[in-house]
Amino acid sequence: MKLIIDILTKKFAKSIESSFSGVASDVSVAQSTQSNFGHYQCNSAMRLSKELKQNPRAIAATIIENFDKA
């Protein structure tokens, strides 16, 4: 049986790979520490902001935009 956290990790990795070619997608999905932000969180946009020298919110928006295409 597939766990939701494993499914989310794979989808985030595919979305990052399709959004930012040539970027290593070391994706970590965890249960959210603050329930008002949802059940799970992925902080890859923060890590990628340093590597890509872009705003993390813009990176997150791009990842989410391509999430359903992954």
| said: Treating only the Cβ of Lys, Arg, Asp and Glu as charged (+1, +1, -1, -1), what charge dipole size does the chain show about its Cα centre? Round to the nearest 20 debye. | reply: 40
| Could you state the number of Å between the C-alpha centres of the stretch 24-42 and the stretch 44-70? | 14
| Nitroxide proxy distance, nm - points 7 Å out along Cα→Cβ at Asp68 and Val23 | 2.1
| task | Please give the helix 4-19 orientation as an angle from the longest Cα principal axis of the chain, in degrees from 0 to 90, rounded to the nearest 10. | result | 10
| query | Hey, what angle do you get for helix 56-65 against the long axis of the chain, alpha-carbon based, 0 to 90 degrees rounded to 10? | reply | 70
| task | Under 23 Å Cα to Cα from Lys69, which lysines show up? Leave out anything in the same chain fewer than 8 places away. | result | Lys2, Lys10, Lys11, Lys14
| If packing is taken as the mean number of other Cβ atoms within 10 Å per residue, what is the order of 60-67, 3-10, highest first? | 60-67, 3-10
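Can I get the semi-axes of the chain's equivalent ellipsoid? Compute them from the C-alpha gyration tensor as square roots of 5 times the eigenvalues, in angstrom, largest first.
Numbers: eigenvalues 75, 45, 21 Å².
Value: 19, 15, 10 Å, ordered largest first.
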| query | What residues qualify as long-range amide H neighbours of Asn43, i.e. H under 5 Å apart, gap of 5 or more or another chain, H built at 1.01 Å from N? | reply | Ser28
| query | For the pair Asp6 and Ala61, what calculated FRET efficiency results from E = 1/(1 + (r/R0)^6), where r is the Cβ-Cβ distance and R0 = 30 Å, to the nearest 0.05? | reply | 0.80
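Each value in this text was obtained by applying a stated rule to the coordinates, not by laboratory testing. These figures come from a predicted structure and were not determined experimentally. Don't worry about glycine lacking a Cβ; one is built from the backbone with ideal geometry, like all the others, and counts go over all protein chains shown.
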